[in-house]
1. Taking a spot 7 Å from the Cα of VAL50 along the direction of its beta carbon, which residues of the stretch 78-100 have an amide N less than 17 Å from it?
2. Which value at 222 nm does the chain reach when only helices count, each DSSP H run of 4 or more adding -39,500 (n - 2.57), with the total divided by all residues and rounded to the nearest 500 deg cm²/dmol?
3. Per q in 0.10, 0.13 1/Å, what log10 I(q)/I(0) does a Debye calculation on the alpha-carbon atoms of the stretch 13-155 return?
4. Which value, in Å³ per residue, describes the convex hull spanned by the Cα atoms of the stretch 79-166?
5. List the relative contact order of the chain as a percent without decimals, with contacts defined as Cα pairs under 8 Å and 6+ residues apart.
6. Computed over the Cα atoms of the stretch 94-143, what is the convex hull's projected area averaged over all directions, in nm²?
7. Give me the one-decimal Kirkwood hydrodynamic radius in Å for the stretch 234-307, with the sum taken over alpha-carbon pairs.
8. How large is the Kirkwood hydrodynamic radius of the stretch 50-125, counting all unique pairs of alpha carbons, in Å?
Amino acid sequence: MKILVLNSGSSSVKYQMFDADEQFCLAKGVVERIGMAGALLTHKPHDRDVVRLSGEILDHKMAIEYVLSIMLSKNHGVIGNKSEIAAVGHRVVHGGEAFSGSVLIKSDVIKEIARCIDFAPLHNPPNLKGIRAVQAILPDIPQVAVFDTAFHQSMPEHAYMYGLPYVLYKRHGIRRYGFHGMSHRFVSNRAAALLGKPKAELKLITCHLGNGASVAAVDHGKSVDTSMGFTPLEGLLMGTRSGDIDPAIVLHIMNKEELSMHEANTMLNKHSGIIGLSGVSSDMREIEEEYENNNRAKLAHDVFCYRLKKYIGAYAAAMGGLDAVVFTGGIGENSAMVRRHTLKGLEFLGILLDEEKNSSPSTDERGICKPESKVNVLVIPTNEELVIAMDTKRIVEESAAAG
Ligand code: ADP
C-alpha cells in the first residue's frame, strides 16, 4: 500500500512516499519558497541521486501537483500511476481537545481543525491548505490527519491546567496541550520493543531534542505530562525559544523596551533560547564546538542540560518511578555531550551511563547505560513520517473493513 505523507508549512511542503506494507520510504523531498520567486523542489528517490528543480509555484495546490508529477516521472519517479496512492496522511499541528488520535478526514474534521486555528495560527492554516489541495487534486483518495497534540490528550487535569482563572480554560481553551506527540509515541513504542516489555509495565521519560525540544512522561504507554504547553514555547530551552520563564518578564520587558505584542512574540520565539543566551548560534553543533572557548556558548549548553535534568527528576517523581530515559531528535540522537551533562548527578535515581556506549558514533537504536544501571538509557532515532504513514494505513484499512 503506497501512502503519501505531507507536512504543509506556510511556504513549504515536505513529503515522503511510503510503501506502508514494508514500512519503507520510496522517495522524499520538499517544495520550498511557495508563492515566492524561485520556488525550489528537492527530491530524493531512495535508489537514485537528489534532484533539484526550480520554477514558479504559486500555492500549495501547485506544489502538491508538482510533487505528484515528479513521483510519476520516468527519471525520478517511484510510482507508475496516481491510482497506486492508496491514501494521503497529513501532519496537523493542533487538534485541541477534539482529537486524541489520528482520524479519517471528513468535513466535520476539517471544521474542527479550522476551529483550532486560534491555538496554532501559523501552522493549522497551511495544514488545511494541504488537505484542501489534495481534495481538489485527488478527490477519491482518503486522507488522514495525524496531530502533534493528540498523544498528550491522555494527560490528567492536574498536569494540563494552569494556575489561571478557570473561566479562561472554559472560554478560550487555555490549558497545556503538548506537542511532538508523534515522536514521543514512536520512541516510547520502540523503547518497549527494545526492552522486551509491554508498554503497560513501563515508566518512560522521552526527550525529543531538536530545534524545538520537549520531554514527556509516558506511563503505561500514555503521556501523563509533557514540557510544552499551550504553545511550543513552554518547557526546555530551545534553539531560538526561551522555554519556561516567569510570565511577568514579558510584561516588564514590553514596558521597558516599548515592545509591541508582535515584537515580544518574536523575541520569545526567535531571539531567545540557545541563540539568545550564547549569541553564537541556535545550532547545538556550533555551541559544542565553542564550549571550551566561549563562556556564553558554555552557558547556553549548561542551561539546556540543567533544564532537561530538572524535568527528568520532576517526571520520575510524577510517575513514582522510572524504567528508561529515551533520547531522540537531532540533539538527542547525536550529542553525547548533552546526554552526559544531563544525566550527570542522576546516579541517585539509578541512572548509570556507560560513557563508551554514549560516545559511540552509531546511528542505530541502542542502549547506553551500564549493565548494573537500574534505569535504562536509550537512544532511538525518531521517525514522525513513518508514524503518519502507519496511522494512515491503519485508519484507511479499518474504515474499508467497516464498509
Ligand atoms: P528539527 O527540530 O528542526 O527537526 P532536528 O531534530 O534535526 O531539528 O535537530 C537539529 C539540532 O540537532 C540542531 O541543534 C543540531 O545542531 C543538532 N545536532 C545534529 N547533529 C548533532 C551532533 N552531531 N552533535 C550535536 N548536535 C547535533
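1. Taking a point 7 Å out along Cα→Cβ of VAL50, no residue of the stretch 78-100 has its backbone N under 17 Å.
2. It comes out at -11500 deg cm²/dmol, rounded to the nearest 500.
3. -0.36, -0.61
4. Per residue, the Cα convex hull of the stretch 79-166 comes to 105 Å³.
5. 14
6. 3.3
7. Taking every pair of different Cα atoms in the stretch 234-307, averaging 1/r and inverting gives 12.6 Å.
8. It is 15.0 Å.
Read the figures in this text as sums done on the coordinates, not as results from a lab. Please read all numbers here as calculations on a predicted model, not as lab measurements. Reconstructed Cβ throughout: ideal geometry from the backbone, glycine too, with neighbour counts over all protein chains shown.
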